[in-house]
Structures are given as C-alpha cells and as structure tokens.
1. Considering (1) loosely packed, with under 13 Cβ neighbours inside 10 Å; (2) at pLDDT 90 or above, say which one Ala181 fails and leave the rest.
2. Condition first: surrounded by fewer than 15 Cβ atoms within 10 Å (Cβ to Cβ) and over 20 Å from Val149 (Cβ atoms). Now tell me which residues in the range 70-104 satisfy that.
3. Would you be able to say whether some residue in the range 4-22 is assigned to a helix (DSSP H, G or I), of a type in the set (D, E, K, R) and modelled with pLDDT of 80 or more?
4. Closer than 17 Å to Phe126 by Cα and modelled with pLDDT under 85: does that describe Ala189?
5. For the range 131-152, name all the residues that are of a type in the set (Phe, Trp, Tyr) and touching a Leu at 6+ places or on another chain (Cβ under 6 Å).
6. If a residue must be under 16 Å from Val148 (Cα atoms) and touching a residue at least 60 places away in the same chain (Cβ under 8 Å), how many such residues does the range 51-64 contain?
Amino acid sequence: MTTPKDSLPKTAPVVQKKKPPVRKGVDTRGMLSIVTMLFSIAAISIALFGGAKLIYDILELGFDNVDKVPVKVVAISFPFVVGWGIGLVSIRGFGNPIYPIILRIYSWGCLVATCLLYFKIILKLFEHDYTGQKFGTYIMLLAGILFVVLCLHLLVDGQDLRPFAIPLIIISVIHLFIIVANFIFNEDAGGMLNLLGDFTVFLFMITTSGLMLMHLGIFSGVREQIGDWFSEKTVEESKSGNGNGAG
C-alpha cells in the first residue's frame, strides 16, 4: 500500500551558503624577523668595521698617536650592543632561521681577524716594539676581539666553540717556538721583562683557547636563561593570539 504524496512531511530545501573568500593576512612575525635581522646586521657591521679601523690605527700609528681612543671605543661599542640586542630579538623572539647562518660567517670572520691580530702582536713582541702601555694595549685588543667572538657565539644556539680553538692553539704553539728560538739564538732578544711579556701573551691566548676547546659550558647558563626568557614570551604571545596580523 503506497502513501499519497500529499501526506509526506514537507521540509525546507537545503540552501548552501557560500563562504566569503578567506583573505590571507600579512605575516607580521616574519616581517619583523627580517626587519630586525637587517637592522642588526647593519649595526654589527658598522661596529666591526670601526673596530678594525681603530685596531689598525693603534698598531700602525701607536696608541699615543691615536686621538680620543676611549671615545672611539664607546662609539664602536654602542652600535654593537644595539645590534646584538636586536639580533637576539630577531633570532630568539621571532625565530629567524637565516640570521644564525650569517652570524656563523661573521664569527669565523672575527676568528680570522683574531689570528691575524695575534700574528701581528707576535711580530711586535719579536721586534721589542712595545712599552708597558703598548703591551697593555695588545692584551686589551686581543681580549676585545675575543669578546666579540663570544658575543656572536651567544646569539647562535647550538654553536660549538671547539673548532674556533684549534687555529688559536696552533698559533700559540708557533708563538712558543718563536719565544724559545728568539731568546736562545738571538743575542739582542732583550731581558727578563721582554720574556715575561711574551709569556703573558702566550698564557693568555693558550688559556682562552684551552677553555674554548674543553667546552666547559661556561656560557651555557647565560644562553639557556636567554632562551627560557624568550620561550616564555613566545608562549604568552601564542596564547593571546598575537602571532600574525591581518593586513
């Protein structure tokens, strides 16, 4: 027995609503990552160029013949600190994947500059072209450029310092050989003060490179603290939904 068509329940026709096209917003996080990277590169590059010029002037002209050295040091340090801080934000805050590669290149470039500076200072010591003030200047120059290498190292997560120590150790061994050969075979090698000067530079460099080679993790706590601080910031931003912005 069939049911009449009129007795069937009537239902409203299904109408499919068209969804408006989704507009993709601007990746604010990515854009800020690139902007901060470019700013940091510019600031650090300016500081490194200025530092190289200052080191060249001090070695060639002498510390006494270079005017306003403390002022120049501050002028160089400021853009480096600013660039370092902005680079930290770019890498840790915005997760820039490109900048660490660039900083590794910068780190190796600074290591090459350290080796050249060490060779130049060895030559100055061999020629006894220094006084007490000049000797202190040589130590400060070596310490300054090594500090730059360590600062760049802190920016890059997971970078190993041990390969950086190998060329410094090789140059230190060469320096030790020159010290012995100079004071044994050269009658004009100088006295005890000159020998102590050579040994001081050697001990400073071999100790620094030895700590780098041992990889004791002296700066691991600082890097982890920085990483934890930015991780907390990233979690807070993701919870608040401020990752990307629509344009």
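The values are calculated or read from the model by the stated rules, or taken from the named source; none is laboratory data. As the structure is a prediction and not an experimental result, all values here were calculated from the model. As a convention, Cβ positions derive from the backbone with ideal geometry for all residues, glycine included, and neighbour counts pool all protein chains shown.
1. (2)
2. Pro70, Val71, Val74, Ala75, Gly95, Pro97, Ile98
3. Applying the first criterion (assigned to a helix (DSSP H, G or I)) to the range 4-22 yields 5-7.
When the remaining residues are screened for being of a type in the set (D, E, K, R), the result is 5-6.
This time we only want the ones that are modelled with pLDDT of 80 or more, so: none.
No, the range 4-22 has no match at all.
4. Working: closer than 17 Å to Phe126 by Cα: yes; modelled with pLDDT under 85: yes.
So Ala189 fits the description; yes.
5. none
6. Here the count works out to 3.
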